[in-house]
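Contents: one structure, followed by commentary.
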Protein chains: 4
Amino acid sequence: MKNTFGQSVSATLFGESHGKAIGIVLDGVCPGISVDEEFIKSQLSKRRPNGSTDTKRKEMDEYEILSGVFEGKTTGTPLTIVIPNKDTKSGDYQRSIARPSHADYTAYEKYHGYEDYRGGGHFSGRITAALVAGGAIAIKALEGLGIKIGTHILTCAGVSDRVFCDISADIDLLSTLSFPVLTDCKDEMIKEIEKASQDKDSVGGILQSAIYGMPAGVGEPWFDSVESILSHALFSIGGVKGVEFGAGFEFANMRGSQANDPFEIIDGKVITKTNNNGGINGGITNSMPIIINIAVKPTPSIAKEQNSVDLTKMENTKLEIKGRHDPCIVRRASVVVDSVLALAVCDMLALRYGTDVFLKGLNK
Amino acid sequence: MKNTFGQSVSATLFGESHGKAIGIVLDGVCPGISVDEEFIKSQLSKRRPNGSTDTKRKEMDEYEILSGVFEGKTTGTPLTIVIPNKDTKSGDYQRSIARPSHADYTAYEKYHGYEDYRGGGHFSGRITAALVAGGAIAIKALEGLGIKIGTHILTCAGVSDRVFCDISADIDLLSTLSFPVLTDCKDEMIKEIEKASQDKDSVGGILQSAIYGMPAGVGEPWFDSVESILSHALFSIGGVKGVEFGAGFEFANMRGSQANDPFEIIDGKVITKTNNNGGINGGITNSMPIIINIAVKPTPSIAKEQNSVDLTKMENTKLEIKGRHDPCIVRRASVVVDSVLALAVCDMLALRYGTDVFLKGLNK
Amino acid sequence: MKNTFGQSVSATLFGESHGKAIGIVLDGVCPGISVDEEFIKSQLSKRRPNGSTDTKRKEMDEYEILSGVFEGKTTGTPLTIVIPNKDTKSGDYQRSIARPSHADYTAYEKYHGYEDYRGGGHFSGRITAALVAGGAIAIKALEGLGIKIGTHILTCAGVSDRVFCDISADIDLLSTLSFPVLTDCKDEMIKEIEKASQDKDSVGGILQSAIYGMPAGVGEPWFDSVESILSHALFSIGGVKGVEFGAGFEFANMRGSQANDPFEIIDGKVITKTNNNGGINGGITNSMPIIINIAVKPTPSIAKEQNSVDLTKMENTKLEIKGRHDPCIVRRASVVVDSVLALAVCDMLALRYGTDVFLKGLNK
Amino acid sequence: MKNTFGQSVSATLFGESHGKAIGIVLDGVCPGISVDEEFIKSQLSKRRPNGSTDTKRKEMDEYEILSGVFEGKTTGTPLTIVIPNKDTKSGDYQRSIARPSHADYTAYEKYHGYEDYRGGGHFSGRITAALVAGGAIAIKALEGLGIKIGTHILTCAGVSDRVFCDISADIDLLSTLSFPVLTDCKDEMIKEIEKASQDKDSVGGILQSAIYGMPAGVGEPWFDSVESILSHALFSIGGVKGVEFGAGFEFANMRGSQANDPFEIIDGKVITKTNNNGGINGGITNSMPIIINIAVKPTPSIAKEQNSVDLTKMENTKLEIKGRHDPCIVRRASVVVDSVLALAVCDMLALRYGTDVFLKGLNK
């Protein structure tokens, strides 16, 4: 379905970096959910460039809810959020020279040159502002069911944070932070990112996400496994190039006896003593926290001169990207990750428990 | 869509490990594709347990094509393949004790105890035989368009193969091998797997796949990015816990100037000098090979005693899995990986070029 | 999705008239539903040709459940039913001459001559046996929620039945009949059909269906209106050429004051005094019975000589259809109509109330 | 998918009658299609109330294209059109009294009272303005392939137009008319509608549509038959209660020898001498015009006093609808019908011929 994700709760994304507006339509939203505009603003604010590690483009993201909300609550009919573009400098972009690791060339092949090339057009990270606004609705809906989502920077520019530990508390902590790390590595990380920036370069990193409070029994065997759905959502985000659940690639170095998570009954509830499977067995939730690591590549836009091609002249050329770009998008991506995870989880819950689940609660 | 994958070309999977049969329905298949039964058999044979590193269950996988093939060619209407189960020993399974890292507990929560628990039921790796049979049709259809898919064991039980190098030749080589490694590490790898087996244990590994010959411009921005679609397909396979494209998690340690793949025109064709993005920019193919690493966890069924719970008595207990199990499924998984990748690629091509693309060729 | 219908509960149809078998895969079925094999047989028996008004082809429809049922109950994983073809006389069919009003020519255009042309191949009414088998599971699941579906022949060969009256009782009556009419018009109707048969001709008719016991609030505004979903399902059946809800085309002759159904509260429940809207307002159920009329065209296969074309020689020709054909498919279609309606209603309920609705009941 | 229709080319609809705006997102649109803004305006103008037979609410439908168009042509990425609401008089609506034959009661049941009840909210005919704007893009795209769509009022208020005759010429004629009838019955029809209006009442009617120029071989057997897809789209429109193809319900009175459409080769092309099947055999186009009749019920909003219920007090009551309403929506619905048919046809063509079909032409 191209720009639509989800089966029962779905999100449709639209807009271009330098067009009139970007936006999102959420459909299948449970009626009666309070829309917390302060939270939407706060999430948009977290996604916004806000310091030395980010682009200098300033967008205030003054969104407008066009439909689907009435008297402060969701109606159940499509909820549309539009965010006008304001601070656009199209002069910074040249049509014909493909920026390496960007979508310029592939868009040109796909859309035969009719694409809006300015600032990456529909492929721009700018579009994620709409995802974040829509995701904020989803995050709040999940909170009502006791389900929490949080993401921190596990590693970036050679500096590492600790892994999730007391997950519920860690997520609570992250919700208060604009730079999401669980230890005091923030300053060092920023310093290393700034170094890359001074070198006209950029850096990537790894995000770690947790989903806490999921009931057991959600998901499907095979094609709609929880891993399939969540990875589908995560790889939608530009720059994400790797996704692993639980021990992930580390499983390659483990034996079954180490890797398996033994079941145990505690307080009448089945839990696992370890959580190498990241809360998912056979594609279905087991009620343990879902743990995901997400690789984010370095921002492709760098100030250093690069080799490239001129697509209209079909000749090799050099490229120096001027414009305003983030030396590192990992921090900003963390908010987007929370957003798409929340949308995907809402969809899985609505499929299992029905469209009114957020009004009626999990009827396990 | 639960057990159905794909939009234009779709696969629907059914069956249980100890039921009457397993099978697959392929829909949207282009008419007029030759059905190469020798190739289907050869793929099934590669997936079958065939040595010391695999389960002792012997299934001959004598499939039957029930529909969709007429006079040796696909008709365009649903193509159904059924594989009867023969060598089933249901006595080996106990209903109530959940095997760690298996789907027993999550299936119990999802299906409220009505699931066919024998041998993992619908969650069993046995079902992948149907995927492989269906995938064989897809692989052959792609070959007709000059698109090749291959997968090798990058690392397993502490032994490593080399990465893909001359990709077209490497895929050709792999197509001839029953134990898919590109170097002479086979014996050592098998030895290490056998060691784990002797220790009543199991091992995991990493598979590396390549898709060669893709035209540029296939895929979608955002939700149906090539990474989204392929990871969705790959995480359908039980045991897969990580997927990365191109440099993947290694991007976290790179700077943009190293990570970006510079464009260059060679012989009038746009290529990239490096391929850290694994053939995909902005979710869309750039005509370079698609490179994927896939983490496979150790087989959960191990002979060692494990802690677990009895779901009906709701009490802690010990579990010793008898049955017949693979100490390592990585080799067998490689054929399944090729199959789901082929099905996903067929779908993406049919969406872009139309349902007759395999008859008419890529009309770029 | 071509041969798959439904979003949460889906049906995938496969097979050809003269192939090895036909079948259906039901996915998203609620676990724990008793599978009533006598009822499946009885429904198949009702669909089978059984007298002077039907084809002479004899198929016993000995179905086999390949998956998804364990210890007599649905498991929740894909439920596959296969019905082998036995009484096939392929010699009766010529490849190249397109039978008027059949799919021969359109299939030839769509599948470029690769289609299995024998007996209409995948387009044959034979395939509806699989729909009926699958529909029987759905009908029983709905019964558990107090929802009943019934269809009678409203008019056929110039003979008319009365419209639905006491709908619950009428449906109960229909469930006991092999020739579904509510008055004693059966003999006259059969006589008129036989007349057409003697004239080497065929007749069409109108079926009337009712769905009783639906809760209010099911369906969607706009694209997934109950009318959209049910008509989508009904027009899947070959020969159906018209669908109307409630007063349908008669609305054209009514004024709003006659057409509107006034609301009234009776016993604390909102009902409508009339039911011109056929149980659906704004695309959503209002708890009144859903009433549908369905036009079925005369069987295209007639023994009379007809003008046609030879598709391979591309020349005009005459055609005399030998084979074994029904002079009227209206009676047999009634069982198919019940089946697709049941499948569609199950899907709508699962989407609204969740996948376990048939186990847990309507939690309105 | 609730408010999204289509698989390869899709439309997502949003907005409420008295909310900020209504709109549509078209996805999967072929790049490079010229966007004819005069045509969009002209279609919106045809849909607008414009005389004695229509509501007095005046909306200028000043739409804005937010995304998906660049330099006057479609980009291939989501095309969003928003139409702000201006002339809203919410005071006319009472929350608790359900208007008969409207969605007020069913929406209340579905959304538990959280729906925006003003003016029918998301169920309002107002939303069709967005469908018409989106449909205009689709109609123009089809024109580029030589495919034309037209709809006229076959009967309304007891006055009848002739049926389609020379279809291509008839469609051309209709494109020039604001009151779409093929004969000079306009004045009489309007007079009869006005009579109903003076009686504080409303009337329904039948629309007849034709799709001209379809290639043979489009559509699917069974669930995605052309009839299934088109009826699904048509029943999305509020007030549509019946859909028939070709002879439709008239088939019930025909014998096969009359009903069958004999094939004939004329100028090397297969045609049918009659077109009782309305251009569709076995669910697939045969290149003859697709002919559809569509029943539209009388406008539910009438000025006459009606019986109804107060949903919050749960008591019987009387209702006099004040507001501004159409005594007949049949004329205005004709533009909406053309729009949804065009969207559905674009989707079917893109599925068969690929997403670039409108740029590259039908490569039959």
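Laboratory data are not the source of any read-out in this text; all were calculated from the coordinates shown. As the structure is a prediction and not an experimental result, all values here were calculated from the model. Glycine also receives a Cβ, built like all others from the backbone with ideal geometry; neighbour counts cover every protein chain displayed.
Mind checking the mean number of beta-carbon atoms from other chains within 10 Å of the Cβ atoms in D:352-358? Please report the intermediate quantities before stating the final value.
On the way: counts 6, 7, 12, 8, 9, 2, 0.
Per-residue shielding by partner chains comes out at 6.
How many angstrom separate the Cα center of the stretch A:143-218 from the Cα center of the stretch D:216-247?
Centre-to-centre distance over Cα atoms comes out at 50 Å.
Taking other Cβ within 10 Å of each residue's Cβ, how do C:192, C:220 sort, fewest first? Write out the running numbers ahead of the final one.
Values: C:192 18, C:220 26.
Least to most surrounded, the residues fall as C:192, C:220.
Under the definition of partner shielding as Cβ atoms of other protein chains within 10 Å of a residue Cβ, what is the mean value for peptide D:190-201?
Values: counts 0, 0, 0, 0, 0, 1, 3, 0, 0, 3, 2, 7.
Rounded to a whole number, the mean comes out at 1.
In a shell of Cβ-Cβ distance under 11 Å around residue D:305, excluding residue D:305 itself, what net charge do Lys and Arg (+1) and Asp and Glu (-1) give?
On the way: positive: D:200, D:304, D:318; negative: D:320.
Spelling it out: positives minus negatives among the neighbours equals +2.
Let me know the mean shielding of C:261-268 by other chains, meaning the per-residue number of their Cβ atoms within 10 Å of its Cβ.
Details: counts 5, 10, 16, 4, 9, 1, 0, 1.
If you average over the peptide's residues, the count of other-chain Cβ atoms is 6.
Cross-link candidates for residue C:148: which aspartates and glutamates have Cα within less than 14 Å, leaving aside residues fewer than 8 places away along the same chain?
Straight-line reach from residue C:148, under 14 Å: C:166, C:170, C:172, C:338.
Roughly how tilted is helix B:330-353, in degrees to the nearest 10 and between 0 and 90, from the longest Cα axis of chain B?
Its long axis makes an angle of about 40 degrees.
Fewest first, what order do A:291, B:266 take by the number of other Cβ atoms within 10 Å?
Working: A:291 24, B:266 9.
Fewest to most other Cβ atoms nearby, the residues stand as B:266, A:291.
Does anyone have the angle between helix B:186-198 and the longest principal axis of chain B? Alpha-carbon axes, 0 to 90°, nearest 10?
The helix B:186-198 is inclined about 20 degrees to chain B.
Got the residue D:38 label distances to the other copies yet, label 7 Å along Cα→Cβ, in nm, shortest first?
Result, one decimal in nm: 5.4, 6.5, 7.3.
7 Å along Cα→Cβ for the label point: how many nanometres lie between residue B:314 and each equivalent label in the other copies, listed shortest first?
3.5, 7.2, 7.5
Could you tell me the largest-minus-smallest coordinate of the C-alpha atoms of the stretch A:277-320 on each of the three principal axes, in descending order and whole angstroms?
Sorted largest first, the three principal extents are 56, 21, 11 Å.
In debye to the nearest 20, how big a dipole does the protein assembly as shown give about its Cα centre with +1 on each Lys and Arg Cβ and -1 on each Asp and Glu Cβ?
Details: 156 positive and 180 negative charges, 0 e Å.
Magnitude of the dipole: close to 0 debye.
Over 30 Å between Cα atoms: which of B:41/D:360; C:2/C:191; B:56/C:140; B:20/B:73; D:2/D:273; A:73/D:140 fall into that group? Walk me through the numbers before you get to the answer.
On the way: B:41/D:360 40 Å; C:2/C:191 39 Å; B:56/C:140 41 Å; B:20/B:73 27 Å; D:2/D:273 40 Å; A:73/D:140 39 Å.
Flagged as over cut-off: B:41/D:360; C:2/C:191; B:56/C:140; D:2/D:273; A:73/D:140.
For the stretch A:4-360, go through all pairs of different Cα atoms, get the mean of 1/r, take its inverse, and jot down that Kirkwood value in Å.
Numbers: mean 1/r = 0.0471 Å⁻¹.
It works out to 21.2 Å.
Rg and Dmax in Å for the stretch B:120-211, alpha carbons only: what are they?
Here Rg and the maximum Cα pair distance are 15.2, 46 Å.
Treating only the Cβ atoms of Lys and Arg (+1) and Asp and Glu (-1) as charged, compute the dipole magnitude of the stretch C:4-360 about its Cα centre; round to the nearest 20 debye.
720
So for chain A, taking the charge dipole from beta-carbon charges (+1 Lys/Arg, -1 Asp/Glu), which of A:355, A:303, A:50 sits furthest toward the positive end?
About the Cα centre, the residue reaching furthest to the positive side is A:303.
Please work out the Kirkwood hydrodynamic radius for the stretch D:1-43, using every pair of different C-alpha atoms, and report it in angstroms with one decimal place. Walk me through the numbers on the way to the answer.
Numbers: mean 1/r = 0.0816 Å⁻¹.
Roughly 12.2 Å, rounded to one decimal.
Quick one: grab the alpha carbon gyration tensor of the stretch D:1-117, order the square roots of its eigenvalues as a ≥ b ≥ c, and give me rounded if a/c is under 1.5, else prolate or oblate depending on whether a/b is larger than b/c. Mind dumping the intermediate values first?
Numbers: a/c = 2.59, a/b = 1.54, b/c = 1.68.
It is oblate, given that a/c is not under 1.5 and a/b is not larger than b/c.
Charges only on Cβ, +1 for Lys and Arg, -1 for Asp and Glu: so what's the dipole of the stretch A:299-338 about the Cα centre, in debye to the nearest 20?
Its charge dipole is roughly 140 debye.
When the Cα centres of the stretch A:60-129 and the stretch B:308-364 are compared, how far apart do they sit, in Å?
Cα centroid to Cα centroid, the span is 35 Å.
Among the aspartates and glutamates, select those whose C-alpha is under 13 Å from the C-alpha of residue C:313, and discard any that sit fewer than 8 residues away in the same chain.
D:264
Average the reciprocal distances over every distinct pair of alpha-carbons in the protein assembly as shown, invert the result, and give the Kirkwood radius in Å. Intermediate values should be presented prior to the final figure.
Numbers: mean 1/r = 0.0310 Å⁻¹.
Roughly 32.3 Å, rounded to one decimal.
Order the peptides A:177-188, C:127-138 from the highest to the lowest mean number of other Cβ atoms within 10 Å of their residues.
On the way: A:177-188: 15.8, C:127-138: 27.6.
Packing order, densest peptide first, comes out as C:127-138, A:177-188.
Can you classify the stretch A:56-187 as rounded, prolate or oblate using the Cα gyration tensor, where a ≥ b ≥ c are the square roots of its eigenvalues, rounded means a/c under 1.5, and otherwise it's prolate if a/b beats b/c and oblate if not?
Details: a/c = 2.38, a/b = 1.27, b/c = 1.88.
It is oblate, given that a/c is not under 1.5 and a/b is not larger than b/c.
Give me the net charge for the shell around residue B:249: Cβ to Cβ below 9 angstrom, other residues only, Lys and Arg +1, Asp and Glu -1.
Combined, the nearby Lys, Arg, Asp and Glu give -2.
Across the Cα atoms of the stretch D:244-356, what radius of gyration and what greatest pairwise Cα-Cα distance (Dmax) are found, in Å?
So, for the stretch D:244-356, Rg and Dmax equal 21.9, 70 Å respectively.
With a sphere of radius 13 Å drawn around the Cβ of residue D:288, what net charge do the other residues whose Cβ falls strictly inside it have (Lys, Arg +1; Asp, Glu -1)?
On the way: positive: D:269, D:273; negative: C:109, D:261, D:264.
Overall, the nearby charge balance is -1.
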